[in-house]
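Encoded as structure tokens, the structure appears first; notes follow it.
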Amino acid sequence: MISILEGNIYARTNDALIVMVGGVGLRVLVPAPLLAASRPGEPIVLHTHLVVREDDLTLIGFATDDELDLFHKFITVSGVGPRLALSILSGMAPDALRLAIGQEQADVLARVPGIGKKTAQKIVLELKDKMGEVELSEGLAALTEADAAVIDALTALGYSIVEAQRAVQALPRDVTDVEERLRRALASFGS
């Protein structure tokens, strides 16, 4: 099995990186934040998972071993395959995922494209005991109802769940009014 690969980024596609390793270009599906941050010509090290199907070999790569570990946990949930697990990791940061699952916030997971309410509840149910303790950092506070409303509004305006969550996490905690939080979040996109 291929567990780590190191090479240079040759090209980017809409969902993958082409990584040159020893003169061979490997197509590696990666989470959206990693794809957006990667540039051709840069060196890269990826922690990988190889999906073997009857008619296809798919390599999925992650920047950290932590993301790969989360990916492996997600694919143990019935109804969550590699593509959906990759979509989940593209939609939310690993710490935010652990927090949402640990606090049984299925509605937060349901905001990720491709995950319905029932799948989100199944993920929470099957993984909440496997996540361990999640420490709250300054940038990762539990979502309040106001935060959830702001995230809903931002995603309705076309921002991705990742962009919306980053904007909400950057807001000062002393501002509790939903409209004011939304205004400040929108202002953060302009700067």
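What follows is calculated from the coordinates using simple rules that are stated; it is not laboratory data. Quick caveat, the model's predicted, so the values are computed rather than measured. Here the Cβ is made from the backbone with ideal geometry for all residues, glycine too, and neighbour counts use every protein chain on show.
In table form, for the structure just shown:
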read-out: Computed log₁₀ I(q)/I(0) - Debye formula, equal Cα scatterers, no solvent, the range 1-104, q 0.19 Å⁻¹; value: -0.93
read-out: Net charge contributed by nearby residues that have their C-beta within less than 15 Å of residue 159 (K/R +1, D/E -1); value: +2
read-out: Angle in degrees between helix 82-91 and the longest Cα principal axis of the chain, rounded to the nearest 10; value: 40
